[in-house]
Amino acid sequence: MTATDLPASLIRTLPGQYYTDPAVFSLEQTRVFEAMWTCAVRSADLPAPGAFRKVQVGRESVLVVRGRDGQLRAFLNICRHRGAQICTEDAGEVKRALQCPYHAWTYDLSGKLVAAPNLTKMPDVDRDRYGLVPVHLREWLGYAWVCLADEPPSFEDDVQGAIAERLGDLAVIDRYELDALSVGRRITYDVAANWKLIVENFMECYHCATIHPELTEVLPEFADGYAAQYFVGHGAEFGEEVRGFTVDGSEGFDKLPGVEDDQDRRYYAITVKPTVFVNLVPDHVIFHRMYPLSADRTIVECDWLYSREVVESGKDVSRSVELFHRVNEQDFAACERTQPAMSSRAYADGGVLVPSEHHIGAFHDWLTRRLAG
Ligand code: FES
Ligand SMILES: [Fe+2]
(Lines give C-alpha, C1' and ligand atoms only; values in the text may rest on other atoms or scores of the structure.)
(Ligands and ions follow the chains in the order given, each with its own letter.)
Protein backbone atom coordinates (compact mmCIF):
# COMPACT_ATOMS: atom_id res chain seq x y z
CA MET A 1 0.00 0.00 0.00
CA THR A 2 1.39 3.42 -0.84
CA ALA A 3 0.77 6.66 0.99
CA THR A 4 -1.74 7.65 -1.69
CA ASP A 5 -3.92 4.66 -0.75
CA LEU A 6 -4.49 6.11 2.69
CA PRO A 7 -7.64 7.98 3.66
CA ALA A 8 -6.99 11.68 4.25
CA SER A 9 -7.27 11.19 8.01
CA LEU A 10 -4.22 8.96 8.13
CA ILE A 11 -0.57 9.36 7.30
CA ARG A 12 2.14 6.72 7.43
CA THR A 13 4.66 6.30 10.21
CA LEU A 14 8.17 5.17 9.43
CA PRO A 15 8.47 1.49 8.43
CA GLY A 16 9.23 -0.93 11.27
CA GLN A 17 12.80 -1.40 10.11
CA TYR A 18 13.66 2.12 11.29
CA TYR A 19 13.15 0.93 14.85
CA THR A 20 15.06 -2.34 14.66
CA ASP A 21 17.77 -2.21 12.01
CA PRO A 22 21.28 -1.76 13.47
CA ALA A 23 22.28 -0.07 10.19
CA VAL A 24 19.63 2.64 10.72
CA PHE A 25 20.73 3.05 14.33
CA SER A 26 24.34 3.37 13.23
CA LEU A 27 23.36 6.10 10.75
CA GLU A 28 21.45 7.84 13.53
CA GLN A 29 24.55 7.74 15.68
CA THR A 30 26.64 9.54 13.09
CA ARG A 31 24.03 11.89 11.59
CA VAL A 32 21.91 12.65 14.63
CA PHE A 33 23.51 12.00 18.03
CA GLU A 34 27.11 12.77 17.04
CA ALA A 35 26.08 15.70 14.87
CA MET A 36 23.70 17.53 17.23
CA TRP A 37 23.80 18.93 20.77
CA THR A 38 23.30 16.34 23.53
CA CYS A 39 22.30 17.33 27.04
CA ALA A 40 25.00 15.50 28.99
CA VAL A 41 24.97 16.29 32.71
CA ARG A 42 23.42 18.54 35.31
CA SER A 43 26.18 21.08 36.00
CA ALA A 44 25.58 20.87 39.76
CA ASP A 45 26.31 17.12 39.64
CA LEU A 46 29.94 18.16 39.22
CA PRO A 47 30.24 20.54 42.18
CA ALA A 48 34.00 20.66 42.72
CA PRO A 49 37.21 20.63 40.66
CA GLY A 50 38.05 17.05 39.71
CA ALA A 51 34.44 15.86 39.66
CA PHE A 52 33.66 14.00 36.45
CA ARG A 53 30.82 12.18 34.80
CA LYS A 54 30.93 9.83 31.82
CA VAL A 55 28.14 9.85 29.22
CA GLN A 56 27.50 8.00 25.98
CA VAL A 57 27.04 10.25 22.94
CA GLY A 58 26.48 8.31 19.74
CA ARG A 59 29.31 5.80 19.59
CA GLU A 60 31.58 7.84 21.85
CA SER A 61 32.19 7.81 25.57
CA VAL A 62 32.49 11.43 26.70
CA LEU A 63 33.90 12.71 29.99
CA VAL A 64 32.62 15.94 31.46
CA VAL A 65 35.05 17.29 34.05
CA ARG A 66 35.15 20.34 36.31
CA GLY A 67 38.54 22.05 36.08
CA ARG A 68 40.59 23.78 38.76
CA ASP A 69 39.33 27.07 37.34
CA GLY A 70 35.75 25.96 38.01
CA GLN A 71 34.95 25.54 34.31
CA LEU A 72 33.30 22.44 32.90
CA ARG A 73 35.08 20.80 29.97
CA ALA A 74 34.31 17.73 27.91
CA PHE A 75 36.74 15.24 26.36
CA LEU A 76 36.61 11.94 24.57
CA ASN A 77 37.19 9.29 27.25
CA ILE A 78 40.11 7.85 25.29
CA CYS A 79 43.77 7.76 26.24
CA ARG A 80 46.00 9.26 23.56
CA HIS A 81 48.62 6.54 24.13
CA ARG A 82 46.92 3.33 23.07
CA GLY A 83 43.29 4.10 23.55
CA ALA A 84 42.30 2.71 26.93
CA GLN A 85 39.21 4.29 28.46
CA ILE A 86 40.43 6.75 31.05
CA CYS A 87 37.38 6.48 33.31
CA THR A 88 35.31 3.35 33.57
CA GLU A 89 33.07 4.48 36.42
CA ASP A 90 29.98 6.53 35.49
CA ALA A 91 30.94 9.31 37.87
CA GLY A 92 33.57 10.16 40.42
CA GLU A 93 36.09 12.67 41.60
CA VAL A 94 39.85 12.88 41.05
CA LYS A 95 42.21 15.16 42.93
CA ARG A 96 44.24 16.96 40.30
CA ALA A 97 44.49 14.75 37.27
CA LEU A 98 42.96 11.96 35.21
CA GLN A 99 45.27 8.99 34.98
CA CYS A 100 44.93 6.22 32.44
CA PRO A 101 44.79 2.90 34.28
CA TYR A 102 46.83 1.12 31.55
CA HIS A 103 50.31 2.74 31.36
CA ALA A 104 49.58 5.74 33.56
CA TRP A 105 49.57 8.57 31.07
CA THR A 106 48.24 11.44 33.16
CA TYR A 107 46.19 14.44 32.03
CA ASP A 108 45.38 17.58 33.98
CA LEU A 109 41.77 18.72 34.34
CA SER A 110 42.08 20.89 31.24
CA GLY A 111 43.04 17.79 29.24
CA LYS A 112 46.76 18.48 28.84
CA LEU A 113 49.18 15.55 29.07
CA VAL A 114 51.19 16.30 32.20
CA ALA A 115 52.94 13.07 33.06
CA ALA A 116 53.71 9.62 31.74
CA PRO A 117 56.35 7.05 32.59
CA ASN A 118 59.59 8.19 30.90
CA LEU A 119 57.93 11.26 29.41
CA THR A 120 60.98 13.38 30.24
CA LYS A 121 63.03 11.10 27.98
CA MET A 122 60.73 12.02 25.08
CA PRO A 123 61.15 15.81 24.94
CA ASP A 124 59.78 15.88 21.39
CA VAL A 125 56.30 14.84 22.58
CA ASP A 126 54.10 17.94 22.64
CA ARG A 127 51.96 17.74 25.77
CA ASP A 128 49.11 19.79 24.33
CA ARG A 129 49.00 17.83 21.13
CA TYR A 130 48.80 14.57 23.06
CA GLY A 131 46.23 15.90 25.46
CA LEU A 132 42.70 14.54 25.66
CA VAL A 133 40.56 15.29 22.60
CA PRO A 134 38.20 18.15 23.52
CA VAL A 135 34.47 18.09 22.84
CA HIS A 136 32.35 21.26 22.45
CA LEU A 137 30.42 22.16 25.61
CA ARG A 138 27.76 24.77 26.37
CA GLU A 139 26.00 25.33 29.68
CA TRP A 140 22.34 26.30 29.65
CA LEU A 141 19.35 25.69 31.96
CA GLY A 142 21.77 24.28 34.55
CA TYR A 143 22.92 21.50 32.22
CA ALA A 144 26.09 20.93 30.22
CA TRP A 145 25.32 20.22 26.57
CA VAL A 146 28.00 18.66 24.40
CA CYS A 147 28.46 18.29 20.67
CA LEU A 148 30.89 15.96 18.90
CA ALA A 149 30.70 17.72 15.53
CA ASP A 150 33.86 19.58 14.46
CA GLU A 151 31.60 22.53 13.61
CA PRO A 152 28.58 22.25 15.93
CA PRO A 153 25.21 23.40 14.64
CA SER A 154 23.96 26.67 16.11
CA PHE A 155 22.94 26.11 19.74
CA GLU A 156 20.67 29.14 19.40
CA ASP A 157 18.82 27.62 16.44
CA ASP A 158 18.74 23.95 17.40
CA VAL A 159 18.30 23.96 21.16
CA GLN A 160 17.05 27.39 22.17
CA GLY A 161 15.13 27.67 18.91
CA ALA A 162 13.13 24.51 19.68
CA ILE A 163 12.09 25.92 23.03
CA ALA A 164 11.31 29.37 21.65
CA GLU A 165 9.23 27.83 18.88
CA ARG A 166 7.17 25.82 21.34
CA LEU A 167 6.70 28.52 23.98
CA GLY A 168 6.43 31.39 21.54
CA ASP A 169 9.24 33.23 23.31
CA LEU A 170 12.50 32.03 24.89
CA ALA A 171 11.92 34.41 27.80
CA VAL A 172 9.10 32.13 29.02
CA ILE A 173 11.50 29.38 30.10
CA ASP A 174 13.85 31.90 31.72
CA ARG A 175 11.11 32.65 34.24
CA TYR A 176 11.49 29.13 35.70
CA GLU A 177 15.22 29.85 36.30
CA LEU A 178 16.19 26.24 35.68
CA ASP A 179 19.84 26.88 36.42
CA ALA A 180 18.99 27.98 39.97
CA LEU A 181 16.83 24.93 40.73
CA SER A 182 17.98 21.83 42.61
CA VAL A 183 17.44 18.18 41.81
CA GLY A 184 14.80 16.91 44.21
CA ARG A 185 14.69 13.44 42.69
CA ARG A 186 16.35 11.63 39.81
CA ILE A 187 15.07 8.37 38.37
CA THR A 188 16.83 6.44 35.63
CA TYR A 189 14.72 4.21 33.39
CA ASP A 190 16.19 1.47 31.24
CA VAL A 191 13.67 1.23 28.41
CA ALA A 192 13.58 -1.69 25.98
CA ALA A 193 12.45 0.45 23.08
CA ASN A 194 13.84 2.51 20.24
CA TRP A 195 14.42 6.16 21.15
CA LYS A 196 12.03 7.33 18.40
CA LEU A 197 9.11 5.46 19.95
CA ILE A 198 9.78 7.44 23.13
CA VAL A 199 9.88 10.74 21.23
CA GLU A 200 6.72 9.94 19.27
CA ASN A 201 4.92 8.96 22.45
CA PHE A 202 5.92 12.22 24.12
CA MET A 203 4.69 14.23 21.13
CA GLU A 204 1.10 13.01 21.20
CA CYS A 205 -1.69 12.81 23.73
CA TYR A 206 -3.98 10.45 21.82
CA HIS A 207 -2.93 7.85 24.41
CA CYS A 208 -3.47 10.06 27.46
CA ALA A 209 -7.04 9.01 28.18
CA THR A 210 -6.14 5.33 27.86
CA ILE A 211 -2.96 5.07 29.90
CA HIS A 212 -2.62 8.21 32.04
CA PRO A 213 -5.52 8.28 34.54
CA GLU A 214 -3.65 10.43 37.08
CA LEU A 215 -2.38 12.94 34.50
CA THR A 216 -5.77 13.43 32.87
CA GLU A 217 -7.30 14.03 36.32
CA VAL A 218 -4.90 16.93 36.78
CA LEU A 219 -5.05 18.12 33.14
CA PRO A 220 -8.61 17.39 31.97
CA GLU A 221 -8.01 18.77 28.47
CA PHE A 222 -5.56 15.89 27.88
CA ALA A 223 -8.43 13.45 28.11
CA ASP A 224 -9.82 14.44 24.71
CA GLY A 225 -6.70 13.14 22.98
CA TYR A 226 -5.86 16.31 21.11
CA ALA A 227 -2.26 17.38 21.36
CA ALA A 228 -3.18 20.83 22.52
CA GLN A 229 0.20 20.92 24.22
CA TYR A 230 1.73 21.43 20.79
CA PHE A 231 -0.01 24.68 19.91
CA VAL A 232 2.53 27.46 20.17
CA GLY A 233 2.50 29.04 23.58
CA HIS A 234 -0.30 26.86 24.91
CA GLY A 235 -0.02 25.36 28.37
CA ALA A 236 -2.60 22.78 29.45
CA GLU A 237 -4.68 24.14 32.29
CA PHE A 238 -5.06 22.34 35.63
CA GLY A 239 -8.55 21.10 36.42
CA GLU A 240 -10.66 23.40 38.58
CA GLU A 241 -10.51 21.22 41.68
CA VAL A 242 -6.80 20.53 41.28
CA ARG A 243 -4.57 22.21 43.84
CA GLY A 244 -1.17 21.16 42.51
CA PHE A 245 0.69 19.08 39.92
CA THR A 246 0.76 16.01 42.18
CA VAL A 247 -0.37 12.42 41.85
CA ASP A 248 -3.66 13.12 43.63
CA GLY A 249 -4.06 16.78 42.69
CA SER A 250 -3.18 17.81 46.24
CA GLU A 251 -1.25 20.95 47.12
CA GLY A 252 2.22 21.29 45.57
CA PHE A 253 4.72 23.99 46.52
CA ASP A 254 4.77 27.76 46.06
CA LYS A 255 5.08 28.66 42.42
CA LEU A 256 8.62 29.46 41.33
CA PRO A 257 9.22 33.17 41.87
CA GLY A 258 9.60 34.16 38.21
CA VAL A 259 6.52 32.28 36.98
CA GLU A 260 3.89 34.78 35.88
CA ASP A 261 0.15 34.59 36.49
CA ASP A 262 -0.67 33.51 32.94
CA GLN A 263 1.68 30.51 33.34
CA ASP A 264 0.37 29.61 36.77
CA ARG A 265 -1.73 26.42 36.94
CA ARG A 266 -0.49 25.36 33.53
CA TYR A 267 1.66 22.56 32.15
CA TYR A 268 3.97 23.03 29.16
CA ALA A 269 5.72 20.15 27.37
CA ILE A 270 8.63 20.79 25.06
CA THR A 271 10.61 18.40 22.85
CA VAL A 272 14.17 19.40 22.04
CA LYS A 273 15.27 17.03 19.32
CA PRO A 274 16.79 14.58 19.43
CA THR A 275 16.87 13.51 23.08
CA VAL A 276 15.48 16.05 25.55
CA PHE A 277 11.99 16.68 26.94
CA VAL A 278 11.21 19.57 29.26
CA ASN A 279 8.01 19.78 31.30
CA LEU A 280 7.20 23.04 33.05
CA VAL A 281 4.69 23.36 35.88
CA PRO A 282 4.41 26.30 38.28
CA ASP A 283 6.35 24.78 41.19
CA HIS A 284 8.81 22.45 39.46
CA VAL A 285 10.37 21.28 36.21
CA ILE A 286 10.66 17.72 34.96
CA PHE A 287 13.62 17.28 32.66
CA HIS A 288 14.23 14.11 30.60
CA ARG A 289 17.49 13.18 28.87
CA MET A 290 17.67 10.11 26.68
CA TYR A 291 20.75 8.04 25.93
CA PRO A 292 20.01 5.67 23.05
CA LEU A 293 22.27 2.61 23.45
CA SER A 294 21.01 0.44 20.61
CA ALA A 295 18.06 0.17 18.22
CA ASP A 296 15.97 -1.37 21.00
CA ARG A 297 17.38 0.06 24.21
CA THR A 298 17.31 3.61 25.57
CA ILE A 299 18.34 4.92 28.97
CA VAL A 300 16.18 7.82 30.15
CA GLU A 301 17.39 9.95 33.02
CA CYS A 302 14.65 12.08 34.51
CA ASP A 303 15.27 14.96 36.93
CA TRP A 304 12.62 16.61 39.08
CA LEU A 305 13.86 20.14 39.73
CA TYR A 306 12.57 22.27 42.60
CA SER A 307 13.56 25.53 44.19
CA ARG A 308 16.64 25.22 46.35
CA GLU A 309 14.50 26.10 49.36
CA VAL A 310 12.16 23.13 48.78
CA VAL A 311 15.05 20.68 48.40
CA GLU A 312 17.21 22.03 51.23
CA SER A 313 14.35 22.18 53.70
CA GLY A 314 13.74 18.48 53.07
CA LYS A 315 10.08 19.02 52.10
CA ASP A 316 8.31 15.88 50.95
CA VAL A 317 8.38 15.87 47.15
CA SER A 318 7.04 12.34 46.80
CA ARG A 319 3.45 13.16 45.75
CA SER A 320 4.80 15.61 43.25
CA VAL A 321 7.40 13.16 41.87
CA GLU A 322 4.92 10.30 41.81
CA LEU A 323 2.70 11.93 39.19
CA PHE A 324 5.28 12.09 36.43
CA HIS A 325 7.01 8.92 37.58
CA ARG A 326 3.73 7.12 36.87
CA VAL A 327 3.41 8.92 33.55
CA ASN A 328 6.94 7.80 32.67
CA GLU A 329 6.25 4.21 33.62
CA GLN A 330 2.97 4.22 31.69
CA ASP A 331 4.63 5.74 28.63
CA PHE A 332 7.70 3.50 28.67
CA ALA A 333 5.55 0.39 29.14
CA ALA A 334 3.58 1.43 26.03
CA CYS A 335 6.82 1.93 24.09
CA GLU A 336 8.12 -1.47 25.24
CA ARG A 337 4.85 -3.07 24.19
CA THR A 338 5.26 -1.51 20.75
CA GLN A 339 8.92 -2.35 20.14
CA PRO A 340 8.48 -6.11 19.39
CA ALA A 341 5.90 -5.27 16.69
CA MET A 342 8.48 -3.19 14.84
CA SER A 343 10.02 -6.38 13.43
CA SER A 344 6.66 -7.94 12.54
CA ARG A 345 5.57 -8.30 8.92
CA ALA A 346 2.42 -6.46 10.03
CA TYR A 347 4.53 -3.34 10.47
CA ALA A 348 6.81 -3.70 7.44
CA ASP A 349 5.23 -0.61 5.85
CA GLY A 350 4.75 1.08 9.21
CA GLY A 351 1.59 2.05 11.01
CA VAL A 352 -0.60 5.14 10.67
CA LEU A 353 -0.97 8.49 12.41
CA VAL A 354 -4.42 9.93 13.14
CA PRO A 355 -4.98 13.68 12.70
CA SER A 356 -4.05 14.55 16.29
CA GLU A 357 -0.73 12.76 15.65
CA HIS A 358 0.00 14.22 12.22
CA HIS A 359 2.69 16.52 13.62
CA ILE A 360 4.73 13.35 14.32
CA GLY A 361 5.02 13.11 10.53
CA ALA A 362 7.16 16.24 10.67
CA PHE A 363 9.49 14.45 13.10
CA HIS A 364 9.75 11.53 10.65
CA ASP A 365 10.44 13.90 7.75
CA TRP A 366 13.10 15.63 9.81
CA LEU A 367 14.73 12.31 10.66
CA THR A 368 14.71 10.87 7.15
CA ARG A 369 16.17 14.13 5.81
CA ARG A 370 19.00 13.92 8.34
CA LEU A 371 19.68 10.28 7.62
CA ALA A 372 19.82 11.04 3.91
CA GLY A 373 22.56 13.55 4.78
S1 FES B 1 46.62 3.31 26.92
FE2 FES B 1 46.59 4.87 28.38
S3 FES B 1 48.55 4.92 29.14
FE4 FES B 1 48.66 3.39 27.64
FE1 LIG C 1 2.20 9.78 27.73
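Numbers below:
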{"item": "Centre separation in Å (Cα based) which lies between the stretch 127-165 and the stretch 243-263", "result": "32 Å"}
{"item": "Most positive-pole-ward Cα, HIS103, LEU141, TRP195, against dipole of the stretch 52-195 from beta carbon charges", "result": "HIS103"}
{"item": "For the chain, cysteines whose Cβ has no other cysteine Cβ within reach (under 4.7 Å)", "result": "CYS39, CYS87, CYS147, CYS302, CYS335"}
{"item": "Distant alpha-carbon pairs in the chain (separation over 36 angstrom), percent", "result": "27 percent"}
{"item": "Only Lys, Arg (+1) and Asp, Glu (-1) charged, at Cβ; the stretch 37-152 dipole about Cα centre in debye", "result": "260 debye"}
{"item": "Largest-first principal axis extents, alpha carbons of the stretch 37-152, Å", "result": "46, 29, 23"}
{"item": "Sorted largest first, extent of the stretch 1-83 alpha carbons per principal axis (Å)", "result": "62, 32, 16"}
{"item": "Heavy-atom surface of the chain, accessible at 1.4 Å and reported per residue (Å²)", "result": "45 Å²"}
{"item": "About the Cα centre, charge dipole magnitude for the chain (Lys/Arg +1, Asp/Glu -1 at Cβ), debye", "result": "1980 debye"}
{"item": "Helical contribution to [θ] at 222 nm, DSSP H n ≥ 4, -39,500 (n - 2.57), averaged over the chain, rounded to 500", "result": "-5500 deg cm²/dmol"}
{"item": "Sulfur and carbon atoms: percent of accessible area, the stretch 37-152 [1.4 Å]", "result": "46 percent"}
{"item": "Cα centroid of the stretch 337-373 to Cα centroid of the stretch 64-122, whole Å", "result": "42 Å"}
{"item": "Carbon and sulfur %, accessible surface of the stretch 228-373 computed with the full protein complex present, 1.4 Å", "result": "46 percent"}
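The values are calculated or read from the model by the stated rules, or taken from the named source; none is laboratory data. Please read these numbers as outputs of a predicted model, since none were measured by experiment. All Cβ positions, glycine included, derive from the backbone under ideal geometry; neighbour counts span all protein chains shown. Heads up: the accessible areas ignore ligands, DNA and RNA and are worked out on the full protein's heavy atoms, side chains in. Shrake-Rupley method; radii C 1.70, N 1.55, O 1.52, S 1.80 Å.
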